[in-house]
Amino acid sequence: MGVNEAICDAPVNCYDLPQKREAPQAKAPAAPAQARAEPAQDAPDPIALARHAAESAQDLAALQAALAAYDHCELKLGARNLVFADGQPNARVMIIGEAPGREEDRQGKPFVGEAGQLLDRMFAAIGMGRENPDPAKAVYITNILPWRPPQNRDPSSDERAMMRPFVQRHIELIDPDILILMGRISAGTLLDTTEGITRLRGQWRDIMGRPCLPMLHPAYLLRNPPMKRHAWADLLSLQARLRDTT
């Protein structure tokens, strides 16, 4: 509005004021306090922490507690439940799947959805099952990941690497005669390969001093019913291997 002077008792003629006023001297910025030098600290290695936690577990209950306490995998934040395992811990056969789905996340058990129901029917066809109390005819089931990935996406390589020490310790504690690697993620993680499951399936390998058999995941079989004949051949191969393994 052009008003640049306060109202005084006497009138002020602005044209009589000096044309140029001296600009106030800007205050020099205060010198910052000398920051204390602190040594840089490296971020903890989540895989090393997972390995230490897994190796410290002396039984299944301790391993489950170690997984529940592990906070370095972000999948834990979006999951309802920790999906640890199901079946008979003294079983000769240990099945390792990929990751929980929606129904598994809801119930806190592996392989209880549609794919899990097919898995039960597959093993029932050769006289085996998770509820069977006979170790020779029982199965024990777990997954590479204990938490459901969002939208059932494939787990990342970092997520799989963090969970691998826990899975390896799980195998040591169960000490099965035979491992079944159910699906591409399971086989790729434990065999350390990028080869597809359709090429891996049916070929006996060795993991941690015990035979293992990669198989097609039941979810894949639901999408590709003609591939069930390959799953049946693998089940018969498992049955024969159990007879030959003391």
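For this structure, a couple of remarks:
- Among the residues of region 222-246, those identified as more than 18 Å from Gln203 (Cβ to Cβ) and either touching a Ser or Thr at 6+ places or on another chain (Cβ under 6 Å) or surrounded by 11 or more Cβ atoms within 10 Å (Cβ to Cβ) (or both) are Leu222, Asn224, Lys228.
- Test result for Ile174, touching a helix residue (DSSP H, G or I) at 6+ places or on another chain (Cβ under 9 Å) and within 29 Å of His52 (Cβ to Cβ): yes
- Residues satisfying the stated conditions in region 178-200, i.e. free of Cβ contacts under 8 Å to residues at least 60 places away in the same chain, under 20 Å from Leu119 (Cβ atoms) and touching a strand residue (DSSP E or B) at 6+ places or on another chain (Cβ under 7 Å): Ala187, Ile197, Leu200
- Condition check for Gln203 on (1) in contact (Cβ under 8 Å) with a residue 24 or more places away in the chain; (2) surrounded by fewer than 19 Cβ atoms within 10 Å (Cβ to Cβ): one failure, at (1).
- Among the residues making up region 137-155, a single one is loosely packed, with under 13 Cβ neighbours inside 10 Å and either touching a helix residue (DSSP H, G or I) at 6+ places or on another chain (Cβ under 6 Å) or among the small types (Gly, Ala, Ser) (or both): Pro150.
- Residues that are more than 11 Å from the chain's Cα centre (by Cα), farther than 30 Å from Arg243 by Cβ and among the hydrophobic types (A, V, I, L, M, F, W, C) within region 78-98 comprise just one, Phe84.
- The listed residues are Ala43, Ala37, Ala33, and the only one of them that is modelled with pLDDT under 95, within 19 Å of Ala161 (Cα to Cα) and in a loop (DSSP other than H, G, I, E, B) turns out to be Ala43.
- Consider region 117-135 and keep the residues that are within 29 Å of the chain's Cα centre (by Cα) and part of a loop (DSSP other than H, G, I, E, B). The one that is nearest to Ala85 (Cα to Cα) is Arg130.
- Within region 189-200, the set of residues being more than 19 Å from Lys228 (Cβ to Cβ) and either crowded, with 22+ Cβ neighbours inside 10 Å or among the hydroxyl-bearing types (Ser, Thr, Tyr) (or both) comprises Thr189, Leu190, Thr193, Thr194.
- Residue within region 75-89 that is modelled with pLDDT of 95 or more, β-branched (Val, Ile, Thr) and closer than 24 Å to Gly188 by Cα present: yes
- Taking the criterion of being farther than 18 Å from Ala99 by Cα and touching a Phe, Trp or Tyr at 6+ places or on another chain (Cβ under 8 Å), the residues of region 214-246 that qualify are Met227, Leu235, Ser237, Arg241.
- If you go through region 139-163 and pick out every residue that is within 21 Å of Asp192 (Cα to Cα) and either among the hydroxyl-bearing types (Ser, Thr, Tyr) or more than 10 Å from the chain's Cα centre (by Cα) (or both), you end up with 5.
- Annotation: Ile126 fulfils all but one of (1) within 20 Å of Pro214 (Cβ to Cβ); (2) without any contact (Cβ under 8 Å) to a residue 40 or more places away in the chain; (3) surrounded by fewer than 20 Cβ atoms within 10 Å (Cβ to Cβ); the unmet one is (2).
The values are calculated or read from the model by the stated rules, or taken from the named source; none is laboratory data. Predicted model only: the values in this text are computed from it and were never measured. Counting neighbours? That spans all protein chains shown, and the Cβs are built from the backbone with ideal geometry, glycine included.
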